Amino acid sequence: MNWIHSISKTYITEVLNIKKPKILLIGKTSMLNDVWQIKPKDLAILNNMADLDVVTIDNMSEEKLAEKCSGYDYLMLNMDFLPFPDPNKMDKLTEKFYNHPSISNLKGINVDMTDGDFFSPHLAKQKSIILQTTPNAVTRSVAESALCEIMLHAKKRHIDYSDNQACSKTLDLYGKTAGIIGQGNIGTALGKMLSGIGMNVLFNDIKLSKSDNVPIETIFKTSDVISINIPALVKGTNKSNIGFIDSKLLNLCKGTILVNLATDIIVDSSSIISSLNSEKIIGYSVEPGRKITEKLNKFKQVHISPCSFDSDESRNNVKTIWINNMITLLHGRPQNIW
């Protein structure tokens, strides 16, 4: 039967002149080769189903990317080589990309990110371009990193090491209250971990029922620990969470540990600095971002967290889901649409 299948495939593609779809897989050299470690065998199925071109580059504007997409049906995108057109926004793909004539054939964009924050999903929808993400790929790694940051501040290990102190007065977490902003995959996983060490866990999430959703003001008033686990862009909307955690919420705190491994600019920069000065926030963790300044770095109670998702397991998860997303799209049954 294999030879019959081979003849049929040749007949369909050559005699009927049906062309394979064209895919551009593009990303930063270090991300594709080192982090995701994409090998030829990983792309074998895609190469069989489509004409696949792999491009690595360290810097490129979104306009140049659009030009590069000319003639392609699908884009597999690692966005690390793209700059931020506006440092106060999340978008790396804007109208300059989506309105470019060179992307007229583009039917789908498949990204190696959990959320659609960088890719202006509303603009993709306007152009009838399917946007796929890799949800739940790094859930465990980020949740464990958030737990690590909470423990770090509670036991002041980073301060003792930097100041060469033998011991500092610390906070026992057992019996204390933890507030989690966002009960998605990461928030849910972290909640289970914090419950496991004896904390009372409260959740705030727009998708929760009224009876289960603790008002965000209550969380900031009552929690000893707060973890932020929401995207910069609310899924299914064009609503931004940038600056959502502001002075009104932070002023409700009374000596709270705040961990933000979501996006740096979800927390208003001037507000967090004021809260650190007033000791309403006694510990703050955030990953490096555009709003991290020397003013924030000077606080001993601030920990600039290293990458929260990087583990062998997470790397493999992202690669597997990213490639499988493209396969499902080619089959006409796309998964993980943002």
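The values are calculated or read from the model by the stated rules, or taken from the named source; none is laboratory data. Every value quoted in this text rests on a predicted model; they were computed, and no experiment measured them. Note that each Cβ is placed from the backbone with ideal geometry, even for glycine, and that neighbours are counted across all protein chains shown.
What pairs come out if I take residues in the range 62-79 that are closer than 14 Å to residue 98 by Cα and pair them with residues that are part of a helix (DSSP H, G or I) and charged (D, E, K, R) whose C-beta lies under 7 Å away, six or more apart or interchain?
Filtered contacts from the range 62-79: 62/96; 63/96.
Identify, from the list 195, 128, 168, the residue that is surrounded by fewer than 16 Cβ atoms within 10 Å (Cβ to Cβ) and either in the same structural domain as residue 31 (by TED's automatic domain parsing) or within 22 Å of residue 249 (Cβ to Cβ) (or both).
Among 195, 128, 168, only 128 is surrounded by fewer than 16 Cβ atoms within 10 Å (Cβ to Cβ) and either in the same structural domain as residue 31 (by TED's automatic domain parsing) or within 22 Å of residue 249 (Cβ to Cβ) (or both).
Looking at 97, 118, can you tell me which residue is under 14 Å from the mean Cα position of the chain (by Cα), among the hydrophobic types (A, V, I, L, M, F, W, C) and surrounded by 18 or more Cβ atoms within 10 Å (Cβ to Cβ)? If you could, list the steps in order and put the result at the bottom.
On the way: 97 fails: under 14 Å from the mean Cα position of the chain (by Cα).
After ruling out the rest, the residue left standing is 118.
Considering every residue within the range 310-319, establish whether at least one is touching a strand residue (DSSP E or B) at 6+ places or on another chain (Cβ under 8 Å) and hydrophobic (A, V, I, L, M, F, W, C).
Within the range 310-319 (the criterion being touching a strand residue (DSSP E or B) at 6+ places or on another chain (Cβ under 8 Å) and hydrophobic (A, V, I, L, M, F, W, C)), the answer is no, since none of the residues qualifies.
Restricting to the range 223-259, what's the tally of residues that are closer than 21 Å to residue 177 by Cα, crowded, with 17+ Cβ neighbours inside 10 Å and among the polar types (S, T, N, Q)?
4
Within the range 304-327, work out how many residues are free of Cβ contacts under 8 Å to residues at least 60 places away in the same chain, of a type outside the set (Val, Ile, Thr) and under 14 Å from residue 145 (Cα atoms).
Of the residues in that region, 2 qualify.
Report, by residue number, each residue of the range 42-90 that is of a type in the set (S, T, N, Q), under 24 Å from residue 266 (Cα atoms) and either surrounded by 19 or more Cβ atoms within 10 Å (Cβ to Cβ) or over 23 Å from the mean Cα position of the chain (by Cα) (or both).
Scanning the range 42-90 gives a single hit, 78.
Output the residues belonging to the range 281-329 that are in a helix (DSSP H, G or I) and surrounded by 19 or more Cβ atoms within 10 Å (Cβ to Cβ).
Listed by number, the residues that qualify are 314, 317, 318, 319, 321, 322, 323, 325, 326, 329.
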